[in-house]
Amino acid sequence: MQEYDIIIIGGGPAGLTAAIYSARAKMKTLIIGDMVPGGQTMLTDRIDNYPGIESISGMDLMMNMYKQVETLNVPVVTKKATEIIQEEKGFIIKTKTENFKALSVIIATGATYKFLGAKGEKEFGGRGVSYCGICDAPFFKDKEIAVIGGGDTAVYETVHLLKYASKIHLIHRKDRLRATKIMQDKVIQSPKTDIHWNSVLEEISGEKTVEKIRIKNVKTEVSSEIKVDGVFVFVGIQPLSGIVNDIVTIDKKGYILTDQEMHSSCKGVFACGDVRAKALRQVSTAVGEAAAAAFSAQQYVEKLKGEAYL
Ligand SMILES: Cc1cc2nc3c(=O)[nH]c(=O)nc-3n(C[C@H](O)[C@H](O)[C@H](O)COP(=O)(O)OP(=O)(O)OC[C@H]3O[C@@H](n4cnc5c(N)ncnc54)[C@H](O)[C@@H]3O)c2cc1C
């Protein structure tokens, strides 16, 4: 079995950044990621808030990070890690076909979208119901669609979808949006948007594909139907912490708890990025934490090997 100083699980912005720092510290490093480069950033049309780069597509930003990893010759295993077993000195990381050994592990597994749980949502998945604007927007060119949600992602995605759809019904359960003001204005001021405040999605229906939705105003209790060809659901994310939730402490929502230096409750396991319990989930916060996690893992490994510079 191959042995590494640091194994990083996840190939999003946090995982790739941790790899850059770890490799530059001459740690024997491996990335295990189901997609590399991968992660949520690949799903977004524009990143306008990453310092030093005024505007870039999520995919281009990730390709740039990946090129930097490649120049450092960090090996990559493009597989899903399925289990982590804690041993006396180190960890075994299992994939379906191969196992790897590491003295320390950095968990950078991020998060994924949440389902709404509305009637018809599952049945029409891939037949008009989507969770990714950048993947599916072109299918809805000149069509009327609904977007569910009112947070950052819902608003950013609506701005992207406005380039394609003829009309967007934004369904939000509150009476105001929770997103960067500059993006809110783009949505609110567009003549193509119709915002349904205080409203929740009750049902998605149609014959073969989505044809209409039923929404309910939670204040007036009145339900109404809207004809749409597609429904985009952006109601938040959930952490992908399942692989370690029996060896590290997680919060009520499943996010990994760490200290300021990214140590989890399990010695030798570090966490960074969207999988970590924190207030702001962005590329800039993910990469900062990843640098700190790699540095902490390096110090941990050097101590184990008796090579610490202390
Ligand atoms: C639509 C959208 C728009 C966004 N727009 C912006 C923006 O404009 N600006 C901004 O700063 N942020 C934006 N974000 C947030 C940003 O994308 C995230 O904060 C960032 O991607 C977090 O990086 P991460 O590496 O922690 O996690 P992720 O990007 O989620 O990457 C984690 C990776 O690990 C993989 N993984 C999970 N489990 C395993 C396993 N067991 N084995 C192997 N691999 C695994 C995942 O599949 C994924 O590829 C946006 C997010 C979305 C969804």
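The values are calculated or read from the model by the stated rules, or taken from the named source; none is laboratory data. Everything numeric here is computed off the predicted structure, so don't read it as measured data. Glycine gets a Cβ as well: all are built from the backbone with ideal geometry, and neighbour counts include every protein chain shown.
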Failed item, numbered, when Ala14 is tested on (1) in a helix (DSSP H, G or I); (2) under 16 Å from the mean Cα position of the chain (by Cα); (3) more than 6 Å from the ligand (Cβ to nearest atom): (3)
What is the residue count in region 187-208 for residues that are assigned to a helix (DSSP H, G or I) and surrounded by fewer than 17 Cβ atoms within 10 Å (Cβ to Cβ)? 2
Return the only residue of Gly242, Gly254 being without any contact (Cβ under 8 Å) to a residue 40 or more places away in the chain, touching a strand residue (DSSP E or B) at 6+ places or on another chain (Cβ under 8 Å) and not in a strand (DSSP E or B). Gly254
What number of residues within region 77-98 are in contact with a helix residue (DSSP H, G or I) (Cβ under 8 Å, 6 or more places away or on another chain) and crowded, with 17+ Cβ neighbours inside 10 Å? 0
Can you name the residue in region 209-243 that is small (Gly, Ala, Ser), at pLDDT 95 or above and surrounded by fewer than 22 Cβ atoms within 10 Å (Cβ to Cβ) and is also nearest to Gln86 (Cα to Cα) among such residues? Gly242
Restricting attention to region 139-148, does a residue exist that is at pLDDT 95 or above and closer than 24 Å to Arg281 by Cβ? yes
Among the residues of region 86-113, how many are within 25 Å of the chain's Cα centre (by Cα) and free of Cβ contacts under 8 Å to residues at least 24 places away in the same chain? 2
